[in-house]
Amino acid sequence: MKKLYVGLTLLLFSAIIYGSDLISAAIYSQVLVKEGIGWNSDYGIFKTALMEIGTIPITIAVISGIVGIVLTYISLKRKPT
């Protein structure tokens, strides 16, 4: 039962971190459009904003999401005794 709670908590944490990262990239992409700041035309405005924010939050969100899914699956697969 503890694995289920930990797994669901990690999934919630992952969703919050991932959503926060996307929201901050959307806000920062509006700043990149202004004159004088610029953005990389190969990637586009949003991808440039994501790269400027960094990949660490997305990496943390993906890893915690995968661990949360695995823990939830293990907890639900186990037969009750």
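No value in this document is a laboratory result; all are computed from the given coordinates. This one's a predicted model, so the numbers in the text were calculated from it and none came from an experiment. All Cβ positions, even for glycine, are placed from backbone atoms using ideal geometry, and neighbour counts span all protein chains on display.
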Exercise. At a Förster radius of 35 Å, what calculated FRET efficiency corresponds to the Cβ-Cβ distance of LYS2 and ILE23, to the nearest 0.05?
Worked result: 0.65
For this session: In a Gaussian network model over the chain where Cα atoms closer than 10 Å are linked, find which of ILE45, ILE17, ILE58 has the largest mean-square fluctuation.
Result: ILE45
Exercise. Lys/Arg Cβ at +1, Asp/Glu Cβ at -1, dipole of segment 2-77 taken about the Cα centre: which of LEU8, SER75, VAL62 is farthest positive-ward?
Worked result: SER75
Exercise. Which semi-axis lengths, in whole Å and largest first, follow from the square roots of five times the eigenvalues of the Cα gyration tensor of segment 2-77?
Worked result: 34, 10, 7
Seminar exercise, completed: Nearest-0.05 FRET efficiency for ILE37 and ILE58 at R0 = 30 Å, using Cβ-Cβ distance, is 0.85
For this session: Using Cα pairs closer than 8 Å and at least 6 residues apart in sequence, work out the relative contact order for the chain, in percent.
Result: 54
Exercise. Between LYS77 and MET51, what is the FRET efficiency for a Förster distance of 22 Å, r being their Cβ-Cβ separation, to the nearest 0.05?
Worked result: 0.05
